[in-house]
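Readers should treat all values here as calculations from the given coordinates under stated rules, not as data from a laboratory. All of these numbers come straight from a predicted model, not from anything done at the bench. Note that each Cβ is placed from the backbone with ideal geometry, even for glycine, and that neighbours are counted across all protein chains shown.
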Amino acid sequence: MKLKLVGSSLIIAGTALGAGMLAIPMVLAQFGLIWATLLMLFIWLGTTYAALLLLEASVKVGRGVSMSNVARDTLGVGGQLVTNILLYALLVCLMMAYIIGAGDLIQNIATSFGFNLSKTTAQISFTFITGLIVSCGTAVIDKFNRLLFAGMLLALLITFAHLVPNLSLSSLGQVVTHDNLALVKTSSVLFTSFCFLVVIPSLATYNKEASKSELKNMLLLGSIIPLICYLLWLYAVVGNLPAEQLLHFRNVSELISALSIQYQNLELILSIFTALALLTSFLGVALALFDQNTDVIKSTKAITFMMTFVLPLAGAILAPEQFLNTLSYAGIILVFLAIFIPMAMVLSVRKQAFGEHIYQAGGGVPAMVTLLMFGTLMLFVQYL
């Protein structure tokens, strides 16, 4: 693959890795690794195919830079309005969750170095600095994200080097509850953890010269990376901490503190890894919202910057302890935006004739029906 496509895959992976990476052990450990793994694979398959549908729609309408653009060309003004409302709600919820997590982490890092930094100051600083990077555009984020991702993987490998040799087989096999309904309810957080589709229109435009096979491979690579990282992280954490203890963690810093008690030299590495995971995810989501606002508002970068970052920052400041709850709210919105809207877009564009060189997701009608059933199930889960 070309370096530009690899960089785009890392943006996809980085958008997914973040809040999900941190939340997964806290919500899944109690059900045992077998059921947690099966549920994760099931949701990964559904979200990845839905993302391939969005990629098809983005390419066929001319690689629109945002979902608003693609929705307008496929679903009309009414469909565009619904898409915009859902997308704004989703992206604001996700950005709010990432700002909460980052603020909590930055505050703890500052305290460890002897600085008294309030959580609000940490959240504002994180949002402003990353916002400046996002406003520079996709090409800058691509190059910056490659460095961040390399650092994150290095920190993750060092973490695994500490955790894996001390895995407890009894811990890996522990099951706190056999409540299948409670397991299904966790799908809202897990479903949100694979929320990378928001950057697909931006990346389709960024890679406008790529072939259909290159675009498909870009997306698949970007989706497989977080799946592997999620599973390895889940196994490593569960193998080192009791599931009962994980169940009571409320935020990222509590998880890091618990692991640092066992591995005194690991606290800094875990903090770096967590910070990079949140940052790469925040950059991808913020890029999607920034491009969305650029398309809709058509104003100066300063106005677009304010419209993109003020609302999620305000939400994070007002609700600093709602990390997991915010991810759950995002999951409800995501079902419509990630499943039903891409299906509607593709049904619209497939009525038109395109050349063989234009990308089209495989599977035909059976795959679409299966995805419809998947989306209906996910919607049902969100309201349990």
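The figures follow:
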item	result
Listed peptides 301-307, 47-53 by packing density, highest first (mean Cβ within 10 Å)	47-53, 301-307
Euclidean distance between Cα centres, the stretch 98-112 to the stretch 251-316, Å	11 Å
Separation of the residue 224 and residue 185 label points, Cα + 7 Å toward Cβ, nm	3.6 nm
Under the Karplus curve 6.51 cos²θ - 1.76 cosθ + 1.60, θ = phi - 60°, whole-Hz ³J(HN,Hα) for the stretch 271-282, x wherever Gly or Pro sits	5, 5, 4, 4, 4, 5, 5, 5, 5, 5, 5, 4
Cα gyration tensor shape for the stretch 3-352, rounded if a/c is under 1.5, else prolate or oblate	prolate
Distance cut-off 16 Å, percentage of C-alpha pairs in the stretch 132-221 lying past it	75 percent
Spatially proximal lysines relative to residue 216 (Cα-Cα < 18 Å; intrachain offsets below 8 disregarded)	2, 4, 60, 208
Point-charge dipole on Cβ atoms (K/R +1, D/E -1) for the chain, about Cα centre, debye to 20	840 debye
Order of 235, 230 - criterion: other Cβ atoms within 10 Å of each residue's Cβ, fewest first	235, 230
Summed residue charge, Cβ within 15 Å of residue 149's Cβ, Lys/Arg positive, Asp/Glu negative	+2
Mean projected area (nm²) of the alpha-carbon convex hull when the stretch 72-222 is viewed from all directions	14.4 nm²
The stretch 35-175, relative contact order in percent, only Cα pairs under 8 angstrom and at least six apart counted	10 percent
The chain, relative contact order [Cα under 8 Å, separation at least 6], %	41 percent
Kirkwood Rh, angstrom, the stretch 60-145 [1 / mean 1/r, Cα pairs]	15.4 Å
Residue-averaged [θ]222 nm for the chain, counting only DSSP H segments that reach four residues, each worth -39500 (n - 2.57)	-25500 deg cm²/dmol
Per-residue Cβ neighbour rank within 10 angstrom, fewest leading, 93, 195, 229, 136	136, 229, 93, 195
Label point distance in nm, residue 167-residue 301, each placed 7 Å from Cα along Cα→Cβ	4.6 nm
